[in-house]
Amino acid sequence: MVCLGNICRSPLAEGILQSKVDAARIEVMSAGTGGWHVGEQPDPRSIAVAKKNGLDITKQRGRQFKASDFEEFDYIFIMDASNEENVLALASSDKHRGKVQMILEEIFPSEKVDVPDPYYGGDRGFDQVYEMLEKACTKIAVRL
Ligand code: 4NP
C-alpha cells in the first residue's frame, strides 16, 4: 500500500486489508514515496478513524518505498496517479511494473481514480478515505 507520506492513506489501507486476510498467510505493508515521515506513527486523524472502525494502526511506523519492495511483495497498490509515477520510476522490469495497480481500480475498473490526499483537509476527508479503502480492500481480500 503506497501513498506519499505513509502517514494518512496507506496506513489505513494496510490496517484495513490486514484485518480482512489471514495474517499467517498474507503480510500487508505500507510505504510512502517520500521520506519525511520515516519512523513516525500514522497521522492522529488516521489513527482516530481507524479506531472508530475497530482497527488499531498505532504500531505502524513510516517507511519509504524502495526498489527492493518490488521483489519483496507480490502486489503493489497505489493511492494516486502521482505516486504511481513515483513508484514506476523505480521499477526496472516488466515483472515489477506488472505488480503495480491503482487501488481504486478495484471499485472503478479501468478508471484512474485517486484516493484524495486528506493531509491538508479536515477530519471528514479521513472518513471518506476510509470508506473508499474499505470497499477496495474488501474486493482485494476476496481475490487474494
Ligand atoms: P499521505 O498524506 O500521502 O496520505 O500519507 C500526506 C502526508 C504527509 C505529506 C503529504 C501527504 N507531507 O507532505 O508531509
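The values are calculated or read from the model by the stated rules, or taken from the named source; none is laboratory data. These numbers were taken from a predicted model, which means no experiment stands behind them. Note that we place each Cβ from the backbone using ideal geometry, even for glycine, and neighbour counts take in every protein chain shown. SASA here: full protein model, heavy atoms, side chains in, ligands and nucleic acids out. Shrake-Rupley method; radii C 1.70, N 1.55, O 1.52, S 1.80 Å.
Numbers for the structure displayed
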{"item": "Positive-end residue, the chain charge dipole about Cα centroid, Cβ charges, pick of SER110, SER30, VAL100", "result": "SER30"}
{"item": "Theoretical ellipticity at 222 nm over the chain - DSSP helices of four or more residues, -39500 (n - 2.57) apiece, nearest 500", "result": "-11500 deg cm²/dmol"}
{"item": "Pairs of Lys in the chain closer than 24 Å at Cα, counting only those 8 or more apart or on different chains", "result": "22"}
{"item": "Estimated dipole of the chain in Debye, rounded to 20 [Cβ of Lys and Arg +1, of Asp and Glu -1, Cα centre]", "result": "280"}
{"item": "Kirkwood-based shape ratio for the chain, expressed as Rg/Rh from alpha carbons", "result": "0.93"}
{"item": "Trypsin sites (Lys or Arg not before Pro) within region 24-61: DSSP coil, no more than 11 neighbouring Cβ in 10 Å", "result": "ARG25, LYS59"}
{"item": "Å² per residue, accessible surface of region 14-108 at 1.4 Å", "result": "53"}
{"item": "Solvent-accessible area, 1.4 Å probe, carbon plus sulfur percent, for the chain", "result": "52"}
{"item": "Point-to-point label distance, ASP22-GLU105, nm (Cα→Cβ direction, 7 Å offset)", "result": "2.7"}
{"item": "Accessible area in the full protein assembly, largest first, 1.4 Å probe, for VAL38, VAL87", "result": "VAL38, VAL87"}
{"item": "Region 1-86 - charge dipole about Cα centre, Lys and Arg +1 at Cβ, Asp and Glu -1, debye rounded to 20", "result": "480"}
